[in-house]
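A.B. asks: Below: one structure in structure tokens.
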Amino acid sequence: MPVYNIASRKPLSYEARRRTADAIADIHCGLTGAPAEFVNVIFMHGHALKGGYDLNVICNVRSGGNRNAELTETLRRKILEGVAVSTSLDLNKVEATLVGFPASWAMEGGEILPEPGEEESWLARSQA
Amino acid sequence: MRKTLILIQENQFSDAQVALLEKLIRNQYRNHVSRERLLVIWNRIPAGQAFTNYQDSRSSLVTMECPTGFPQKQRVAFLKAIEKDWLKISGQHPDELMLALVEEALFADVFQGTQKRLALRGRLAFMAKIIRTVIHASVKRIPIIVNPNL
């Protein structure tokens with residue numbers, strides 16, 4: 001977590017996928033303060049998307065903690081813009097939606113995930 | 001019927017390992033969560049299509065469904081039980097495994113969300129692929145493993 005699930009109409013090159021994954025990690029960590037260790041980005045292609053979109057991103061992220069509605073909408077918007085740039089697609093051909101997960105429902109690194117904003121002590125424990 | 005979605009990387013696990021991992025999931029699910037039938041779908045991501053922490057990914061992502069109001073103490077016990085045995089079978093580092101036990105309403109959002117974004121013909125194409133894969137797996141008595149590309 002987070003898991004960014006990207007479906008596109010046509011395949012992207014490896015370089016474009018790499019750029020996009022890096023951009024998403026930069027945006028996610030920059031905005032939320034979360035560590036990059038567990039930022040996952042997955043790509044799949046060949047999918048006909050609704051609304052004439054060329055690419056769709058589903059952002060599966062932790063909810064609650066220090067993440068209010070304004071921050072999550074800003075995250076969604078910045079991801080949308082960042083992905084459009086990294087894939088060289090028109091902004092109106094890219095769609096991004098966000099799904100919030102309670103942190104306590106997931107485990108990584110052998111530990112239940114921390115509430116957003118409480119990553120420091122969690123990282124110290126899980127890396128001890 | 002409850003569902004589990006598992007994402008793994010291409011060429012990471014042998015077919016034997018996948019079968020063992022699925023057996024582990026089913027046994028622990030039965031012991032800790034529910035005796036309901038469990039549909040397990042594996043998404044095997046082709047090389048170069050998954051990234052974790054700025055690198056080509058070696059991670060496995062396991063998302064499982066549970067009833068609404070499932071007790072947190074039982075969830076933690078379940079996830080820890082899977083983690084211990086999964087890492088023994090896979091040889092992965094703990095940082096390479098994400099496990100989630102998600103209540104049915106949110107799980108439905110996740111499960112259906114990947115299809116809701118598709119146009120009708122996209123949905124039909126994807127469902128046809130899933131159905132072919134399920135039939136093949138059923139006949140061969142092997143795990144249901146899907147390549148998510150069309």
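Read-outs throughout are calculated quantities, based only on the coordinates presented, and are distinct from any laboratory measurement. Computed from a prediction, not measured in an experiment: that's the story for all the values here. Every residue, glycine among them, receives a Cβ derived from its backbone with ideal geometry; neighbour counts consider all protein chains shown.
A.B. asks: Would you mind counting up the charge near residue A:113? Only other residues with Cβ under 10 Å from its Cβ, with Lys and Arg at +1 and Asp and Glu at -1.
C.D. replies: Details: positive: A:62; negative: A:108, A:111, A:115, A:118, A:119.
Around residue A:113, the surrounding residues sum to -4.
A.B. asks: Where Lys and Arg each count +1 and Asp and Glu each count -1, what net charge lies around residue B:95 among other residues with Cβ under 11 Å from its Cβ?
C.D. replies: Values: positive: B:58; negative: A:37, A:108, A:111, B:96.
Once positives and negatives cancel, what remains is -3.
A.B. asks: Count the DSSP beta bridges whose two residues both fall in the range B:1-125, then state the antiparallel fraction as a percent rounded to the nearest 5.
C.D. replies: On the way: 6 of 21 bridges.
The answer is about 30 percent antiparallel.
A.B. asks: Among A:97, A:74, A:20, which one moves the most in a GNM of chain A with springs linking Cα atoms closer than 10 Å?
C.D. replies: Taking springs between Cα atoms under 10 Å, the residue moving most is A:74.
A.B. asks: Can you work out ³J(HN,Hα) from phi for every residue in the range B:83-98, in order, using Karplus 6.51 cos²θ - 1.76 cosθ + 1.60 and θ = phi - 60°, giving whole Hz and x for Gly and Pro?
C.D. replies: Coupling constants for the range B:83-98: 4, 4, 7, 4, 5, 5, 6, 7, x, 6, 7, x, 5, 9, 10, 10 Hz.
A.B. asks: Above 31 angstrom, tally the Cα pairs of the protein assembly as shown and express them as a % of all pairs, no decimals. Walk me through the intermediate numbers first.
C.D. replies: Working: 8617 of 38503 pairs.
Distances greater than 31 Å cover 22 percent of the Cα pairs.
A.B. asks: Looking only at the range A:1-88, where both bridge partners belong to it, what percent of the DSSP beta bridges are antiparallel (to the nearest 5)? Don't skip to the answer; put the middle values down first.
C.D. replies: On the way: 7 of 13 bridges.
Around 55 percent antiparallel, to the nearest 5.
A.B. asks: How compact is chain A by the rule of thumb for globular proteins, expressed as Cα Rg over 2.2 N^0.38 Å?
C.D. replies: Working: Rg = 15.0 Å, N = 128, 2.2 N^0.38 = 13.9 Å.
Compactness ratio reported: 1.08.
A.B. asks: Run the helix sum for chain B: -39,500 (n - 2.57) per DSSP H stretch of 4+ residues, divided by residue count, reported at 222 nm to the nearest 500 deg cm²/dmol. Intermediate values should be presented prior to the final figure.
C.D. replies: Details: 4 runs with 71 residues, N = 150.
Calculated at 222 nm, the ellipticity per residue is -16000 deg cm²/dmol.
A.B. asks: What does the net charge come to around residue B:36 if you take all other residues with beta carbon closer than 13 Å to its beta carbon, with K and R at +1 and D and E at -1?
C.D. replies: +4
A.B. asks: Given the -39500 (n - 2.57) contribution per DSSP H run of 4+ residues, what per-residue ellipticity at 222 nm results for chain A, rounded to the nearest 500 deg cm²/dmol?
C.D. replies: Values: 3 runs with 46 residues, N = 128.
Result for chain A: -12000 deg cm²/dmol, rounded to the nearest 500.
A.B. asks: For the pairs B:3/B:23; B:23/B:140; B:23/B:73; B:116/B:140; B:80/B:140; B:3/B:80, note any where the Cα-Cα span goes beyond 21 Å. The partial results should precede the final answer.
C.D. replies: Numbers: B:3/B:23 14 Å; B:23/B:140 16 Å; B:23/B:73 23 Å; B:116/B:140 30 Å; B:80/B:140 31 Å; B:3/B:80 19 Å.
Exceeds cut-off: B:23/B:73; B:116/B:140; B:80/B:140.
A.B. asks: Using Cα pairs closer than 8 Å and at least 6 residues apart in sequence, work out the relative contact order for chain B, in percent. Walk me through the numbers before you get to the answer.
C.D. replies: Details: 187 pairs, mean separation 46.6, N = 150.
Relative contact order here is 31 percent.
A.B. asks: Separate question: Expressed as an acute angle from 0 to 90° and rounded to the nearest 10, what is the orientation of the C-alpha long axis of helix A:69-87 relative to the principal long axis of chain A?
C.D. replies: 50 degrees
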